[in-house]
1. Let's see if you can work this out: charge +1 on each Lys and Arg Cβ, -1 on each Asp and Glu Cβ, no other charges. What is the dipole magnitude of the stretch 156-236 about its Cα centre, in debye to the nearest 20?
2. Do the sum for the chain: with -39,500 (n - 2.57) for every DSSP H run of n ≥ 4, divided by all residues, what is the mean residue ellipticity at 222 nm, to the nearest 500 deg cm²/dmol?
3. Compute the Kirkwood hydrodynamic radius of the chain, taking the inverse of the mean of 1/r over all pairs of distinct Cα atoms, and give it in Å to one decimal.
4. At A96 and S244, where each label point lies 7 Å from the Cα along Cα→Cβ, what is the point-to-point distance in nanometres?
5. According to the square roots a ≥ b ≥ c of the eigenvalues of the Cα gyration tensor, what is the shape class of the stretch 65-131, taking rounded for a/c under 1.5, prolate for a/b larger than b/c otherwise, and oblate for the remainder?
6. Counting pairs of alpha carbon atoms under 8 Å apart in space and at least six apart in sequence, what relative contact order in percent does the chain give?
7. Mean projection of the alpha-carbon convex hull of the stretch 120-259 over all orientations, in nm²?
8. Given the chain, what percent of its DSSP beta bridges are antiparallel, to the nearest 5?
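Just so it is clear, none of the values below were taken in a lab; they were calculated from the coordinates. Bear in mind the structure is a predicted one, so any value in this text is a computation, not a measurement. Here Cβ is always computed from backbone atoms with ideal geometry, including for glycine, and neighbour counts include all displayed protein chains.
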Amino acid sequence: MLQTAPQILAPDELPATEVINPAGPGPVVLVCEHASARIPAALDGLGLRPEDRQSHAAWDPGALDLARAMSEQLQAPLVASRVSRLVYDCNRPPEAASATPARSEVVEVPGNRDLTADQHAARVTEVYQPFRDALARVLDRHGGAVVTIHSFTPLWHGQQRATEIGLLHDRDSRLANAMMAEWNGPLTAALNAPYSASDGVTHTLALHALPRQRLNVMIEVRNDLLTTPEAIARVADQLCAVLSRSLGQFGTRSTACCQDGPATGGTP
């Protein structure tokens, strides 16, 4: 008898993905893969300790609020996941072990150990595919650059991270380089920090932006800079100003992707 994968999301937990300001005419499409710490009830909290369920392991704190603020300023569509990255990391392909990690830095994820093929397939079908398809639909009707919004923790394996804002790229470095050239304001930026494409973090850019030959960049903000509405507004203002000036350097929204090799450097 043909067996189907177990259902993860209950009807009242759908949709797995939301599209904010879908008709926004702005120059970019914003993406927030790690917007939510929500774990479907069927997964019983993945066996996480209570203190880990709202940690950076489960989501990117402040990233969705920042993306919303940028969406409003830029009048841009925003595609965001509504499920924790520990259930399925929408910035990873299904074949990657990090898509459903059994451990994230110091956080153990018992509910991700020894997943069966059916259990893994359910997460792909119910979390990753709706996100991937929703973003594809938005990009098919919107010609803007692809800009993904993330946050990162100030402390990683006991080491302080000095980077405030990271601008990451995959094979196409045009927009990241333009933003570095235009960068000014109170916060500092670094290219391909605190990690880079060589660490496997640019799946969304590679899957959606490169084949469409769209300008693209992954923006990482240290999450201690996103702890209040006022702080988020300041970061959004600086990012939107730099992004707008940088996009102004390009004559069209979508120009041919460069053919240089993948980004290297940086550590996770």
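1. Using Cβ point charges on Lys, Arg, Asp and Glu, the stretch 156-236 gives about 200 debye.
2. -7000 deg cm²/dmol
3. Its Kirkwood hydrodynamic radius stands at 18.7 Å.
4. About 3.2 nm, to one decimal.
5. Here the stretch 65-131 falls in the prolate category.
6. 23
7. It is 9.9 nm².
8. Taking every DSSP beta bridge with both residues in the chain, the antiparallel ones total about 40 percent.
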